[in-house]
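The values are calculated or read from the model by the stated rules, or taken from the named source; none is laboratory data. Everything numeric in this text was worked out from a predicted model, so none of it was measured. Glycine gets a Cβ as well: all are built from the backbone with ideal geometry, and neighbour counts include every protein chain shown.
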Amino acid sequence: MLAVELAFQGSITITGNKFSNSYMGGGQHKRKIKRDHKEQIVVGNGVPLQKTDDIVINGNSVGGMAGKSVTCDRECREILIIGNLVSDFGRGKKVNGAVDSPLDEHSIVKDNSIRRIERL
């Protein structure tokens, strides 16, 4: 499940959202998928950015992601990722950091509260 997917977009602000997986607390899940006769929770896949420019991601709460919270390809320009709360990313796989950012010199990633919870 993707939180938001932006491709070939520009001048977009993503603010004040809660992006998460299907876990609701108390052992309950909003969505489950059945695969090979086993139930699995639906994990979140964050905010992938592809060939985008002038994007602001600010003031969001992101948790329960299968990989990184935000991913950017090499064609992203002028991306601001500031002041977000990020926890519980990289579920089920090893990832290096919450944000995958081959960003240009005009992009900024700062003042994000990032807490990694190891759950492999």
How many residues, within region 61-72, are closer than 18 Å to residue 11 by Cβ and either over 8 Å from the mean Cα position of the chain (by Cα) or surrounded by fewer than 21 Cβ atoms within 10 Å (Cβ to Cβ) (or both)? 1
Restricting to region 77-108, name every residue that is modelled with pLDDT of 90 or more and among the hydrophobic types (A, V, I, L, M, F, W, C). 79, 80, 81, 82, 85, 108
Among residues of region 66-100, those that are assigned to a strand (DSSP E or B) and of a type in the set (Ser, Thr, Tyr), counted: 2
Return the pair list, or none, for Cβ contacts closer than 6 Å from residues in region 4-26 that are surrounded by 12 or more Cβ atoms within 10 Å (Cβ to Cβ) to residues that are charged (D, E, K, R) and at pLDDT 75 or above, at least 6 apart or on different chains. 10/53; 10/54
If you scan region 48-60, which residues turn out to be surrounded by 19 or more Cβ atoms within 10 Å (Cβ to Cβ) and more than 13 Å from residue 82 (Cα to Cα)? 48, 49, 52
Considering region 84-96 alone, what residues qualify as being surrounded by 15 or more Cβ atoms within 10 Å (Cβ to Cβ) and small (Gly, Ala, Ser)? 87, 90
